[in-house]
Amino acid sequence: MKKLIVYTGIVTAILLSTANFTRAQEHKKMSPQAKDAIIGGVGGAVVGGIIGHGAGGALIGGAVGAGGGYVIGNEHRRHKEKERRIAYRNAYYRKHHHYPNAYVYQRR
């Protein structure tokens with residue numbers, strides 16, 4: 001009977017502690033740079049392994065591919081942000097008939 005109480009207490013403590021941890025964690029999305037770096041790294045490792053005939057070629061290809069994938073992902077993110085800013089400025093202009101803070105640039 002004592003063992004049953006002890007085991008029940010241990011299982012209850014484990015369940016309560018894991019339930020608390022699962023609520024505390026938030027799901028964060030992976031950045032476009034990270035996604036493209038992973039894709040580039042895997043692709044580079046495969047191509048480097050085939051061309052280099054070994055692990056050395058795969059490591060070099062993976063590193064080059066990951067770097068290239070990160071650069072491509074970063075440029076894609078910057079392009080999307082630039083498009084978003086342009087769309088905001090155009091929508092603001094259509095509604096207010098001047099650009100944001102246009103009074104700063106007016107001559108007196």
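Return the residues of the stretch 59-93 that are acidic (Asp, Glu) and either within 16 Å of Ala34 (Cα to Cα) or at pLDDT below 90 (or both); say none if nothing qualifies. Steps first, answer last, please.
Taking the stretch 59-93 as the starting set, the residues that turn out to be acidic (Asp, Glu) are 75, 81, 83.
Result: Glu75, single match.
Going by the conditions given, is Lys29 modelled with pLDDT under 85 and surrounded by fewer than 11 Cβ atoms within 10 Å (Cβ to Cβ)? Outline the logic, then answer.
Values: modelled with pLDDT under 85: yes; surrounded by fewer than 11 Cβ atoms within 10 Å (Cβ to Cβ): yes.
It is true that Lys29 is modelled with pLDDT under 85 and surrounded by fewer than 11 Cβ atoms within 10 Å (Cβ to Cβ).
The values are calculated or read from the model by the stated rules, or taken from the named source; none is laboratory data. Quantities reported herein were computed from a predicted structural model and do not represent experimental measurements. Backbone-built Cβ (ideal geometry, glycine too); neighbour counts: all protein chains shown.
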